[in-house]
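Take a look at the structure below.
No value in this document is a laboratory result; all are computed from the given coordinates. Computed from a predicted structure; not experimentally measured. Using ideal geometry, Cβ is built from the backbone for each residue, glycine included, and neighbour counts are taken over all protein chains shown.
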Amino acid sequence: MDEETRKKLEEIAYILDQIIEDTSIPRNIRKGAKESKERLFDESQPLDLRSAGVISTLDELANDPNIPLHGRTLIYQVISRLETLT
């Protein structure tokens, strides 16, 4: 993995951590963000498959009617960064 990809993954992890630690975001969304982070860093699959799966999961979370606006914004930031990896 090159340095640029590693840096992008660190940025994505930081944003996902913000979602995971924000108690104003519903528990199911925080749990989904945590599972997405774990999946993204599980190196048993190629990076493009991991990022595609995480994008799909986060897209579902972003469409949850209970998510606050700032949480949705963070999820869209992660999705846009993940799309640059593939």
Checklist entry - Going by the structure shown, is Asp64 among the acidic types (Asp, Glu) and touching a Pro at 6+ places or on another chain (Cβ under 8 Å)? => result yes
Next on the checklist: Please verify whether Arg27 is out of contact with any Phe, Trp or Tyr (no Cβ under 7 Å at 6 or more places or on another chain), closer than 17 Å to Asp17 by Cα and exposed (fewer than 15 other Cβ atoms within 10 Å of the Cβ), treating the condition exactly as stated.
Outcome noted: yes
Next on the checklist: For the range 14-24, which positions are surrounded by 15 or more Cβ atoms within 10 Å (Cβ to Cβ) and more than 15 Å from Asn66 (Cα to Cα)?
Outcome noted: Ile15, Leu16, Gln18, Ile20
Next on the checklist: Condition first: under 13 Å from Ile12 (Cα atoms), of a type outside the set (A, V, I, L, M) and in a loop (DSSP other than H, G, I, E, B). Now tell me which residues in the range 43-86 satisfy that.
Outcome noted: Thr84
Item to check | Filter result for Gly32 (more than 25 Å from Glu3 (Cβ to Cβ), under 10 Å from the mean Cα position of the chain (by Cα) and of a type in the set (Gly, Ala, Ser)) | outcome: yes
